[in-house]
Structure formats: C-alpha cells, structure tokens
2 protein chains.
Amino acid sequence: MVSERQLIDYIKGAAGKVPERVEGIGDDCAVFGCREGCKQLVSVDTLVEGVHFDLTWHGPRELGHKAAAVNISDIAAMGGKPCFALLSMALPARLDFAWLTAFTEGFTAELKEYGVVLVGGDTVASPAGLLLSVTIIGEAEEGRILYRSGAGVDDVIMVSGSLGDAALGLKLCREGRQASWPQLTAAHLTPRPEVALGRHLAAAGSGVTAMLDMSDGLATDLAHMCAASGLGARINADWLPISVSARQAALDLEIDVLDSALGGGEDYRLLFTCPAAAEEDLRREVKAVLKRQIFRIGKMIPGCGVLLCGRDGERDVSFQGYEHLTR
Amino acid sequence: MVSERQLIDYIKGAAGKVPERVEGIGDDCAVFGCREGCKQLVSVDTLVEGVHFDLTWHGPRELGHKAAAVNISDIAAMGGKPCFALLSMALPARLDFAWLTAFTEGFTAELKEYGVVLVGGDTVASPAGLLLSVTIIGEAEEGRILYRSGAGVDDVIMVSGSLGDAALGLKLCREGRQASWPQLTAAHLTPRPEVALGRHLAAAGSGVTAMLDMSDGLATDLAHMCAASGLGARINADWLPISVSARQAALDLEIDVLDSALGGGEDYRLLFTCPAAAEEDLRREVKAVLKRQIFRIGKMIPGCGVLLCGRDGERDVSFQGYEHLTR
C-alpha cells in the first residue's frame, strides 16, 4: 500500500498548476480569495467506522460532536472563523432513527456553539460501516491567515495544551475503562476545537509565524510544518505538556506516555511558532484574554526533520505519528 | 430504516434557523453571498462502492471521471460555474498505486475540462469498500441562479436529453455486456455534466423558472421540483425522450424502457421549466448556440405529485425513482 504522503504528492502533481488566487494546498485548509480583503478557507475530513471511531464506545451524540469539532479545528488551525458546514453520511442499515437523531443533535449543537450553519450534504447507503465526511467553510481577513510554511529559524515551537490525552483516552475505551480517567476519554470522544485561540494567534501583531492543528500526533504534524517551512525542529522531551491523568493512565496501561504524546494523534491542539522575542508577550496576552496557558516545546533549526532531545540523547522522530494508509 | 427524505427533514429541523444570506438548502447546492453581485454554490456527493459503482466493471479512469462529473453536475443544475473541488477518499488496502494514479488522472482530467481546480481533500483507510466524497464549489451572478422551487402553474417541463440510458447501461454492465450498446454503458460509466447548457438556461431573459439535474430518476427528481414549487406535474409517456439504443437494449433485457426512463437515475440531464410562451425561443436559441435539442415532457399543474399520462390512462409516479436508504 502506498503511503498517504506519496499519494497526496502524486495527486498534487496530477492536479496541475494552481491559479494564483488559490493558496494553502497541503495546509489544513485551502485558501482562496472571496472578496476584497477577505479569504475563504475550505477543508474536508472523513471519519470511518473501525478506523476513526468505534460505535461500541462512541455514542451517537459524542460522535456528532466530534465530526463537527475535528472539521472546525481545521479552520481554527489557520486562524479562521468557521461559517458553513456540509455533512455527507454513508449509513449502514443497522443504524436506527433514534441513533441518527442523537447523532444529529450532537453534530448541530457543536456547529451552533461555533456559529456554524449546516447548509447541505447528502445521505447514501453504506453496505459496510458508517462514514462521515464533513466539509467546512470559513473566512479570514487577508493577511491574518497562518500557514504551516511560515516558521523561521530559531522560532520557538509552542503547543496550546496537553499532548497524548486523546490517544490514551482511546486506549481506555478499547479496554472498557472509560470511567477511569474521564478527562482522557473525553479528549478522544469529544475534542474541542481551538477557534478563539486560533483567531487570537492569527491576529495582527501576535508575532506567530506558522500554525496547524495536531491530528496525527506531534511527531508527524511538526514534521509537516518542518517540511513546509524548509527547516528542522528540535523538541525537548521534558518540555512536552503531559497531563497528570495521562501519566497515571500510561503507567497503569503500561505504555510509554512519551509515545502517546508524540505519536498518538487526535489531540487537536494548536501547534505554532513565533520568534523567541515575541514569546513572553504572547504567553501573557493569551493568559490575560483567554485564560489559557501555552507551552514552549522546542525551536526551529536549520536542516530538516524533527529531533527529540531526551535524557538518553537525541533521536529523529519525524513522521512517527499516525499514518492513515499503511498502518 | 428511515427514508432519505425523512432523515433530511429531521436534520434540517435540528440545524435550526438558517441565516438570510444562505439559500438553496434542499436544492442541488447551498447558495450564499460571497461578494457584491456574486453568489457561491457548494455541494457534496459521496459515491460508495457496491452502491454507486462496482469496480469489476468501473475502471479507475472512468470512475475518476464520474466522481468529478456528478459533482460538477450539481453546479450546472443551478446555472453556476464550477470553480474548486475537494476530494476525500476512503481507500481499501487492495487498491494499488497503478489503480490510484489512473483514478486520479480521470478525476483531474474531468475537472480540467470544466476549469475546476482541485484545492484539497483527504485520504483515509477504509476497512471495507472504496468511498469517494467530492465537494464542489462554484459561483454565479446574483439573480442568475435557478432553484427547484421556481416553477409556475402551466409552465412547460423540459429535459435536456434522453432518459434511462444510464440505468440501462448499468444493467448491461451487470450482465457483462458493456460492448453491446456502448452509448448506454458510457452514460453510466462516464456521465457528462451540462455546464454550458445550465449557464445558458440561467442567463437573463431565458425565461427558465426552475431547474435541477436528474440523479435519482425523473419520477423522483420531478417530484422534488413539484414539492419545492408547491405544484403538481403532468408528464406524457409518449413525449419522454428515449434513445433508440435504450429501446433496443430494454427489449433485449426484457425490461420496460419506461421504468428505466422514470426511475433509473444517474442520467444527469437537466430538468427545467419555463412559461409556454418562452419555449419556442428557448428551443431555437439552445439549438443555435449550443447545437443541442431540448425536449418538452409535460407541464406544471395545480396540486401535488407527478402524474404520468400513458395510453392506459393516468397514474401517480411521484418518488418512484432511486431511494438511497430504503431500497
């Protein structure tokens, strides 16, 4: 089987020359001019039963929430304001109307929370599992959009919250232990897109140079940012924000919490860079305005790839996160 | 299992109040303001292996063509100009790189033919069949968009080409007789969206009042137009444009060609209405400019539902086309 990156590279080549008005291909969203001073952002994400979720532990309302949230997160990842959504469902016959109404409630409630209007979609039969494909359309003022390609040498690398919670939550669900660490389970079942923070970081004067949302795990998402920016990254294992719950659960599950933080995926935290001189102001402002903490985890360096510095030295962890097609 | 219409009605209710700037929900595309004098059209359609296509006879290049075409057709259905596409693929491991490149070639070639730029998408693993979800974004000048709700009493009902070819083509493929009537097989494998005609019919002064593209069969698609317009329709069995190939193949396959024309689906012809007084000019103009014929099949009447008049009297055929969830 071909890897996702190989396939996407091939498709990009086959798609041919992209007109000047279109940017962001390979970013979380495609970006194109919509009117004077305004850009439109658009993205699509598909969730597959048995790959991205399991209905034995993912309730319909939670799944509806998540299907909306992970797509809204793609708009947040570039600093945009989410506006419209389309929902395409491939439905197996075993799902009854009660399931579908609960799913719809969760989906539309999450959209409403972020001011997103459901404008279309389609429903088709699926002979096997459930598939949910959500298209999200957002807006941003021109010049206030953050791409993953903007990081500079010596920029500090920051993340917006703890890493690995969602991956550990998934493991707990798989073992039927949802109740043990509800914060971790919730991180997997009902992630929260960081729209307000994304808007703030993309605002004029923030100093932020590059951004994305982490869906495939830090090791892979940061490697994407490095490749797009033509740089490398050095991150420090001791600096990674790992929650107390994650540490406890990892001990209990007998897995390395660092592996979850680096490779787990689905945290939907923002990963961003800014010049070292801007870090202190940014940290203070985010704290004052959004009552949030942000965490420095490393810095951008010349070269390529993601180096992890730990107590036992340095190793390359590039792309050791979630791989969609070859795992 | 709930019907597609029931489910969509429920979702519409749950989605809540739609802002004034958004129109077209329930049409082929959602429509929203983009800039002064310009509207944006957006639609998503999912094709499911085993439901919408079968890889034993649908070659990768043809499938790529079709995935693009049926989505472009949704923009054509409202008179818009297709601009951007996003492709989401849920891929089973059995598809190799050669298959994927041929699919991509067919998909991007079809997009290019209509000036559509591929701006994004995603690829995920599928544990069962292949799913293709395409989002298409188009534009149209304000006031030049045709909705399915605009038909008036006594308007004539017209279609842009022969009906039932695709359904018969599918039957031929199923029986391994692709070569017998290649025109019918092609109608199923590689349908052609009617972008130029749609633009023409939506132009100022055309007189056209309502339009859609036929994906589920005349009986269902016209019933949707009737419901949206608050009217009924009377169509004449003898007036339906049915190709000579379709008649021959239907005889050979021992099926009623009228059933294929009414309920077959996937013809992707335009169905539209205009006042009787405008018909002659429209017909002449379409012939002169696009070298195309258009066909009158009936007229809009007070009431509701679709009446078919044949030699043995009149019968209600509303919604007797393709039903996505309950068949």
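Each reported figure results from applying straightforward, stated rules to the coordinates on display, with no laboratory input. What you see is a predicted model; the values in this text were computed from it and never measured. Every residue, glycine among them, receives a Cβ derived from its backbone with ideal geometry; neighbour counts consider all protein chains shown.
Taking each pair of distinct Cα atoms in the protein assembly as shown once, what is the resulting Kirkwood hydrodynamic radius in Å? Final number for the Kirkwood radius of the protein assembly as shown is 25.9 Å. Here the Karplus relation 6.51 cos²θ - 1.76 cosθ + 1.60, evaluated at θ = phi - 60°, turns the backbone of segment A:11-16 into coupling constants of 4, 4, x, 5, 5, x Hz, with x for every Gly and Pro.
Over segment A:156-316, the Kirkwood radius and the radius of gyration, each from Cα atoms, give a ratio Rg/Rh of 0.97. Across chain B, the mean sequence separation of Cα contacts (distance under 8 Å, 6 or more residues apart), normalised by length, yields a relative contact order of 22 percent. If you wrap the Cα atoms of chain B in a convex hull and average its projected area over all directions, you get 17.3 nm².
The separation of segment A:61-90 from segment A:109-135, counted between C-alpha centres, amounts to 9 Å.
Considering only B:ASP267, B:ASP213, B:ASP259, the mean-square fluctuation computed in a Gaussian network model of chain B, springs between alpha carbons under 10 angstrom, is largest for B:ASP259. If you build a Gaussian network model of chain A, linking Cα atoms that sit under 10 Å apart, which residue out of A:THR104, A:THR209, A:THR190 swings the most? Per the Cα network of chain A with a 10 Å cutoff, A:THR104 tops the list.
Peptide B:103-116 shows a mean partner chain C-beta count of 2 within 10 Å per residue C-beta.
Scaling the Cα radius of gyration of segment A:4-141 by the globular reference 2.2 N^0.38 Å produces a ratio of 1.13. The longest stretch of chain A left intact once loop-based GluC sites (Glu not before Pro) with at most 14 other Cβ atoms within 10 Å are removed from consideration, loops following DSSP, is A:37-141. Only Cα pairs under 8 Å and 6+ residues apart enter the sum, and on that basis the relative contact order of segment B:6-150 stands at 33 percent. In terms of distances greater than 23 angstrom between alpha carbons, the cross-link table entries B:LYS39/B:LYS299; A:LYS12/B:LYS66; A:LYS39/B:LYS12; B:LYS66/B:LYS299 yield B:LYS39/B:LYS299; A:LYS39/B:LYS12; B:LYS66/B:LYS299. By other beta-carbon atoms within 10 Å, ranking A:ILE75, B:ILE25 with the fewest at the front produces B:ILE25, A:ILE75. Counting from the shortest, the label point at B:GLU36, 7 Å from Cα toward Cβ, is 0.6 nm from the same position in each remaining copy.
Counting, for every residue in A:299-305, the Cβ atoms of other protein chains within 10 Å of its Cβ and taking the mean gives 0. Averaging the Cα positions of each part gives two centres, and for segment B:1-57 and segment A:251-282 these lie 37 Å apart.
Among the trypsin sites (Lys or Arg not before Pro) in segment B:76-144, those located in a DSSP loop and surrounded by at most 11 other Cβ atoms within 10 Å of their own Cβ are B:ARG94. The residues B:CYS83, B:CYS309, B:CYS29, when put in order of fewest to most other Cβ atoms within 10 Å, stand as B:CYS309, B:CYS83, B:CYS29. The order of A:SER126, A:SER73, going from fewest to most other C-beta atoms within 10 Å of their C-beta, is A:SER126, A:SER73. For segment A:252-317, applying the loop criterion from DSSP together with a ceiling of 11 other beta carbons within 10 Å to the trypsin sites (Lys or Arg not before Pro) yields A:LYS291, A:ARG311. Distance distribution P(r), segment A:201-293, all Cα-Cα pairs, bin width 10 angstrom from 0: 14, 41, 34, 10, 1 percent.
One quarter of the surface of the convex hull around the alpha-carbon atoms of segment B:63-204 equals 10.7 nm², the direction-averaged projected area. Distances between placed amide hydrogens fall under 5 Å for A:GLU139 paired with A:LEU41, A:LYS81, A:CYS83, all partners being 5 or more residues away or on another chain. Rg and Dmax over the alpha-carbon atoms of segment B:117-201 stand at 18.2, 51 Å.
Among the residues of B:88-96, the average count of other protein chain beta-carbon atoms within 10 Å of the residue beta-carbon is 5. When shorter helices are ignored and each DSSP H run of at least 4 residues is given -39500 (n - 2.57), the per-residue value for the protein assembly as shown at 222 nm works out to -11000 deg cm²/dmol.
Across segment A:1-82, the relative contact order, built from alpha-carbon pairs under 8 Å that are at least six residues apart, equals 22 percent.
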